[in-house]
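Accompanying notes for the structure given below.
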Amino acid sequence: MPEPSTTRFAYDDTGLDAARGRHQFVVNRLGLMIAAGELAEDSQILPDEICERFGVSRPVVREALRVLEAKGMVSPKPKTGTRVLPIHQWNLLDQDVISWRIMGPHRTRQLSELTDLRVAVEIYAARKCAIDVTAEQLAEMHKWCDAMAAAAHAGNLEDFTEADIAFHTALLDASGNTVFRQFATPFAVFLHAKNELHTLPERVDETVLDSHRGVVEAIAAHDADLAESLCRKMIEASRAELLRNLPQD
């Protein structure tokens, strides 16, 4: 089985205060509030109110706001204090921002947008792989297909998810496009979310495994058109399963 990825979907922050410190707790809570619209665009964030609400000191709040500023969610403004920025200025590929949006009332939109991104990036990655793939890269993708199958047959959805992430990361790696590789982290958060939100069936269908193998076989045959087509079909099938099983917002 693959080593657990370091990229996680932070769906449950139970124990976060004790485990990661009050600073991260405040970052997480404010991020959730902004993503949910509880702190709407152009809202002023008042440090004293945050201190009182969460029982933390001003330095803790100040450091938390700096983290959110780095993620493009807030900005300090002269005389008016720190205000929430419009969503188009957020770092929407940041794994925390992705998680906060998925945890909020706009979950379906976030997951759909990430699926659109996967279609745009991964189908072209599959095409590139079919042109330039090496024997070692093919072996890597076959390895993760086998790991997915083993986990699926054992009914272990966590190991299945880790192997699925490793497969898609290997696909991006094999494309030879270093920019594509940067999308591995947001895609991993997305795939973790599918598991944490219980959108995967208790038993993974064989068609899911076959779709991944089909992409690899098309790449091995250097059939770029088929690799692209099968990759699109695989991701769209994943979208349909997600929307069918997604808890209502």
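No lab work stands behind these numbers, since they all come straight from the coordinates. Treat the numbers as computed from the prediction; the structure is a model and nothing was measured. Virtual Cβ from ideal backbone geometry, glycine too; neighbours counted across all protein chains shown.
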As I understand it, the value is the acute angle between the Cα axis of helix 157-174 and the longest principal axis of the Cα atoms of the chain; what does it come to in degrees, rounded to 10?
80 degrees
Please say if region 26-162 is rounded, prolate or oblate, where rounded means a/c under 1.5 for a ≥ b ≥ c the square roots of the C-alpha gyration tensor eigenvalues, and otherwise the choice is prolate for a/b larger than b/c and oblate otherwise?
prolate
For the peptides 34-44, 56-66, what is the packing order when you average, over each peptide's residues, the other Cβ atoms within 10 Å and list the highest mean first?
56-66, 34-44
Charge tally for neighbours of L209 with beta carbon under 11 Å away, counting Lys, Arg as +1 and Asp, Glu as -1, is -4
Using Cα centres only, tell me the gap between region 109-147 and region 20-68 in whole Å.
37 Å
How far is helix 107-132 tilted off the main Cα axis of the chain, in degrees rounded to 10, range 0 to 90?
40 degrees
Relative packing of 195-205, 137-147, 94-104, which averages over residues the other C-beta atoms within 10 Å, highest first:
94-104, 137-147, 195-205
Note to self, the chain gives a 222 nm [θ] from helices alone (DSSP H runs n ≥ 4, -39500 (n - 2.57) apiece, / all residues, nearest 500) of -22500 deg cm²/dmol
Treating the angle as unsigned and between 0 and 90°, give the value, to the nearest 10°, between the Cα long axis of helix 224-245 and the longest Cα principal axis of the chain.
50 degrees
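Report, to two decimal places, the Cα Rg of the chain normalised by 2.2 N^0.38 Å (N = number of residues).
That ratio works out to 1.13.
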Using only the Cα atoms of region 106-245, each taken as one equal point scatterer with no solvent, compute I(q) by the Debye sum, divide by I(0), and report log10 of the ratio at q = 0.09, 0.22 Å⁻¹.
-0.23, -1.49
What percent of all Cα-Cα pairs in region 142-202 falls in each 5 Å bin, counting up from 0?
4, 20, 26, 22, 16, 8, 3, 0
How compact and how long is region 16-89, expressed as Rg and Dmax of its alpha-carbon atoms in Å?
11.5, 36
In terms of modelled amide H atoms, which long-range or inter-chain residues lie less than 5 Å from the amide H of M73?
N91
